[in-house]
Amino acid sequence: MAKPMLSGEQIEEDTKLQSSLSRIKHVIIVLSGKGGVGKSTVSSNLAETLAMDGYQTGIMDLDITGPNIPKMFHVEDAKLTVENDRLIPVLVPPSLKLMSMAFLLPDKDAAVLWRGPVKMSAVRQFIEDVDWGDLDYLVIDMPPGTGDEALSIAQLIPKADGAVIVTTPQDVALLDSRKSVTFAADVHIPVIGLIENMSGFVCPHCGEITDIFKSGGGEATAKDLNIQFLGKVPLEAAVVTSGDSGMPIVLQDSKSKSAQAF
C-alpha cells in the first residue's frame, strides 16, 4: 500500500520539529503509572541537579490539565516572551529552562478542557515552537498514566534516551508502575530504570526511619521486570515544604537524605 503524500505544511512542521530536536542531546521521560507518587518532585529535583552540575537543562511540563512544575520553582506567575515567532522558556538560575501549560493559562485556577487531538497539537508545539536552544538534557514531566500525552511523545520523539519510572512502595502503586514499563516497551522507548519514592519517613527530630508506605517493593519490582533500580528517595517533610516554597530540596538542603538520593 502506498504511503499518503505529505502536504507542504506537514513537511514544514516535521522540519521544524526535527530542527528543534537536533539541538537537544538527551531526552529523559519521567513516567508514573498513577498520580500522587511524586513524579513532578522527582522531575524537578533531577533536572535541578543536572543544571547544578553544569548541564544545560530544560523541563517540559506535559501535564496539560494539571501543570505544577512552575510552582515548584516559584515561577508560576512568569510570562512567556516571543522572539522570532518562537516562545522563549522561563529561565530558572543557573541554567534551567521551563515550559509549562501553566504559563499559557489566563489564571492559575483555569481548567483545560481539551480532547486528545488538541493535546497532541500542544505537545508538538511545546517542542517545535519553543526555542529551547542547545540543551544537554530535556526532562519531560508526564501526566500520570499512559494517555494522549505519553503516546504523543512516543510518536514525536521516537529516539528518546529513555524513561524513568517513579513509584511508591505500596502494592497499588507498584501494580501501576509495571504498566508504565509495559507501555515503554510497546512504544519502543528504553527504560532507564525505576525510582522508589517516599521510601521510608525520616523523622525530622531524631532521624529514625519509619516505613509508612512499606519499603523495598520498587527494588523487587525492578528485579522482577529485569530493569535497573535507580534508588530510593525517602519521605521527608522538607521535600514538601521546599516544593511548596519553590525551591527543590537539592537546593534548599543539599545534605538531606532526599537530596543525596537525587
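The values are calculated or read from the model by the stated rules, or taken from the named source; none is laboratory data. Not measured: the values here are computed from a predicted model. Glycine gets a Cβ as well: all are built from the backbone with ideal geometry, and neighbour counts include every protein chain shown. Note: accessible area is taken over every heavy atom of the protein model, side chains too, but ligands, DNA and RNA are not part of it. Shrake-Rupley method; radii C 1.70, N 1.55, O 1.52, S 1.80 Å.
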Selected residue (criterion: surrounded by the most Cβ atoms within 10 Å (Cβ to Cβ)) from residues of the stretch 178-197 that are under 23 Å from LEU235 (Cα atoms) and small (Gly, Ala, Ser): SER180
Could you name every one of the strands (runs of 3 or more DSSP E) located completely within the stretch 40-104 that has at least 1 residues being crowded, with 18+ Cβ neighbours inside 10 Å? 57-61, 86-88, 90-92, 96-100
Cβ pairs under 7 Å, 6+ apart or interchain, first in the stretch 1-30 and more than 22 Å from HIS188 (Cβ to Cβ), second modelled with pLDDT of 65 or more, ordered by first then second residue, are GLU13/GLU128; LYS16/GLU128; ARG23/TRP132; ARG23/GLY133; ARG23/ASP134; ARG23/LEU135
Among the residues of the stretch 235-245, is any over 18 Å from SER32 (Cβ atoms), touching a residue at least 40 places away in the same chain (Cβ under 8 Å), part of a strand (DSSP E or B) and open to solvent by less than 80 Å² (accessible area, probe 1.4 Å)? no
Please state which one of ASP141, ASP224, ASP148, ASP134 is modelled with pLDDT of 90 or more, under 22 Å from PRO117 (Cα atoms) and not hydrophobic (A, V, I, L, M, F, W, C). ASP141
Conditions (1) farther than 14 Å from ILE59 by Cβ; (2) under 15 Å from the mean Cα position of the chain (by Cα) -> ALA111 fails only (2)
Residue pairs meeting the criteria (Cβ under 7 Å; at least 6 apart or on separate chains; first under 10 Å from PRO234 (Cβ atoms) and in contact (Cβ under 8 Å) with a residue 40 or more places away in the chain, in the stretch 203-215; second open to solvent by less than 90 Å² (accessible area, probe 1.4 Å) and assigned to a loop (DSSP other than H, G, I, E, B)): SER215/PRO169
In the stretch 114-128, is there at least one residue being open to solvent by less than 30 Å² (accessible area, probe 1.4 Å), charged (D, E, K, R) and at pLDDT 85 or above? yes
